[in-house]
Amino acid sequence: MKLATYYKNEENHFCRLVSLEETDLSMYDKIYIFSEAESTPKIPNQFLRANNVILGGTAFTNGEYIPFENEIIDYTLPRPAIYQQFLKEKYDDGIKTKVIGHVLDDTYYRMYAGKNKLPLPAIIPRKRTILYDKNFFYPDWQETLKEISDRKSSKICRIHPIICTKLSDYFMARNFVKLDRAIEYYLDLELPLDQVDYLFKHYKHLFLADIAPSSNIFITIGNTHDTYLQYAREINYKLNLLYSFWSRGIMIRIKFVPCKIGYNNPFAELSKLIETWSNNTNFKRQEKTILERIPKKKTGDILREQYKTLLKYSPKSTNLFNRTIKQICEGGNWHYEY
């Protein structure tokens with residue numbers, strides 16, 4: 001929205017949305033492919049080979065937003081006109097255009113471009129405000145959200161999950177009334193496991209009051225490391241932490257996070273299996289362990305090989321992979337094995 005608004009108003013250029021199915025790209029001076037997706041999207045080869053294509057957004061920069069070289073673009077207030085025109089051209093009936101275009105009535109806002117705070121655009125009363133910063137806990141995040149709320153925004157949503165490295169941040173965000181309850185929260189904690197009892201002594205009652213089995217609260221697994229040992233230790237640590245929550249009746253789940261571009265997670269498929277296993281909504285009736293969820297036929301070969309490799313670096317993980325959710329929930333407070 002900012003790009004089209006800038007080039008139309010400041011440079012007096014004609015702008016339109018380009019379909020990824022187009023093959024003749026030579027007619028355009030510049031083509032921007034901009035994505036805020038959590039993983040890198042697949043781009044057709046004709047775009048990757050073209051000299052006039054510019055990739056931007058966190059999906060192409062390992063999750064870090066890089067401001068435009070021309071900082072005026074970042075400071076430009078976004079306008080949805082280019083998307084509205086695209087919908088009119090694509091759909092003739094008008095009704096479908098209105099339904100799909102409803103999201104364009106919302107206010108879109110990036111709080112920061114690098115270290116620079118961006119101005120808050122006009123908030124449309126009784127419409128959503130959607131934040132698309134990767135980071136959430138900027139020093140003035142509470143003041144910014146209060147200003148948005150005071151301008152009568154119906155609720156505040158996010159494109160990205162809220163990543164919490166401290167539990168105090170998590171509870172402060174959850175207590176903000178206008179934040180959409182559907183937002184995903186990733187608990188990326190660096191808590192020594194021998195301090196778990198202290199953690200739950202202070203926070204257990206707050207978690208029990210806040211979290212249901214269907215809540216979008218996750219412990220992340222996967223991330224980015226340099227060695228096999230680091231990836232193995234993360235799986236061991238995150239499962240111990242997850243079981244510590246479960247054994248106290250706090251039913252959060254696992255979310256697999258792909259590693260950065262240029263890195264390789266040797267336990268990626270195993271981590272995805274853990275995610276699927278932990279996301280069973282009928283927790284106490286889950287009768288299979290993680291290990292029992294590995295297909296017995298050839299389709300499970302990669303998972304078995306990754307599990308065998310994991311045990312070389314983390315032998316104690318065998319106990320973590322051989323517990324059912326019901327056993328964990330009913331076995332008393334979990335005592336970690338690391």
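Among the residues of the stretch 278-301, what is the count of those that are at pLDDT below 90 and not charged (D, E, K, R)? Counting residues in the stretch 278-301 that are at pLDDT below 90 and not charged (D, E, K, R) gives 7. Between Glu305, Glu292, the distinction of being closer than 12 Å to Glu269 by Cβ and either more than 28 Å from the chain's Cα centre (by Cα) or outside the structural domain of Gln195 (by TED's automatic domain parsing) (or both) belongs to Glu305 only. A residue that is aromatic (Phe, Trp, Tyr) and modelled with pLDDT of 80 or more cannot be found anywhere in the stretch 79-88.
Taken over the stretch 140-168, the criterion of being over 29 Å from His202 (Cβ atoms) and either in the same structural domain as Glu38 (by TED's automatic domain parsing) or touching an Asp or Glu at 6+ places or on another chain (Cβ under 7 Å) (or both) is satisfied by Lys155, Cys157, Ile159.
When we screen Lys288, Lys272, Lys296 for residues that are of a type in the set (Lys, Arg) and surrounded by 15 or more Cβ atoms within 10 Å (Cβ to Cβ), the only hit is Lys272. The listed residues are Lys127, Lys155, and the only one of them that is farther than 27 Å from Ile325 by Cα and at pLDDT below 90 turns out to be Lys127. Tell me whether the stretch 239-251 contains one or more residues that are without any contact (Cβ under 8 Å) to a residue 12 or more places away in the chain and surrounded by fewer than 19 Cβ atoms within 10 Å (Cβ to Cβ). Within the stretch 239-251, not a single residue is without any contact (Cβ under 8 Å) to a residue 12 or more places away in the chain and surrounded by fewer than 19 Cβ atoms within 10 Å (Cβ to Cβ).
Within the stretch 207-245, being more than 24 Å from Glu305 (Cα to Cα), small (Gly, Ala, Ser) and not in a helix (DSSP H, G or I) holds for Ala212, Ser214, Ser215. Among the conditions (1) of a type outside the set (Ser, Thr, Tyr); (2) surrounded by 15 or more Cβ atoms within 10 Å (Cβ to Cβ); (3) in contact with a His (Cβ under 8 Å, 6 or more places away or on another chain), the only one that Asp29 does not satisfy is (2).
Suppose we filter the stretch 159-187 for residues that are at pLDDT below 90 and surrounded by 18 or more Cβ atoms within 10 Å (Cβ to Cβ); how many remain? So the count comes out to 0.
The residues in the stretch 302-318 that are exposed (fewer than 14 other Cβ atoms within 10 Å of the Cβ), assigned to a helix (DSSP H, G or I) and modelled with pLDDT under 95 can be counted, and the count is 1. Evaluated against (1) out of contact with any strand residue (DSSP E or B) (no Cβ under 8 Å at 6 or more places or on another chain); (2) modelled with pLDDT of 95 or more; (3) closer than 26 Å to Thr61 by Cα, Glu275 falls short on exactly one condition, (1).
The criterion of at least 1 residues that are aliphatic (A, V, I, L, M) and touching a Lys or Arg at 6+ places or on another chain (Cβ under 6 Å) is met by the following strands (runs of 3 or more DSSP E) wholly inside the stretch 122-196: 129-131, 156-158. On the stretch given as the stretch 32-79, residues that are among the charged types (D, E, K, R) and either buried (at least 17 other Cβ atoms within 10 Å of the Cβ) or within 15 Å of the chain's Cα centre (by Cα) (or both) total 5.
Within the stretch 124-152, the set of residues being more than 30 Å from Asn62 (Cα to Cα) and not charged (D, E, K, R) comprises Ile124, Pro125, Ser149.
The values are calculated or read from the model by the stated rules, or taken from the named source; none is laboratory data. Since we're looking at a predicted model, the values are computed, not measured. Because the Cβ atoms are built from the backbone with ideal geometry, glycine has one as well, and the counts that use them run over all protein chains shown.
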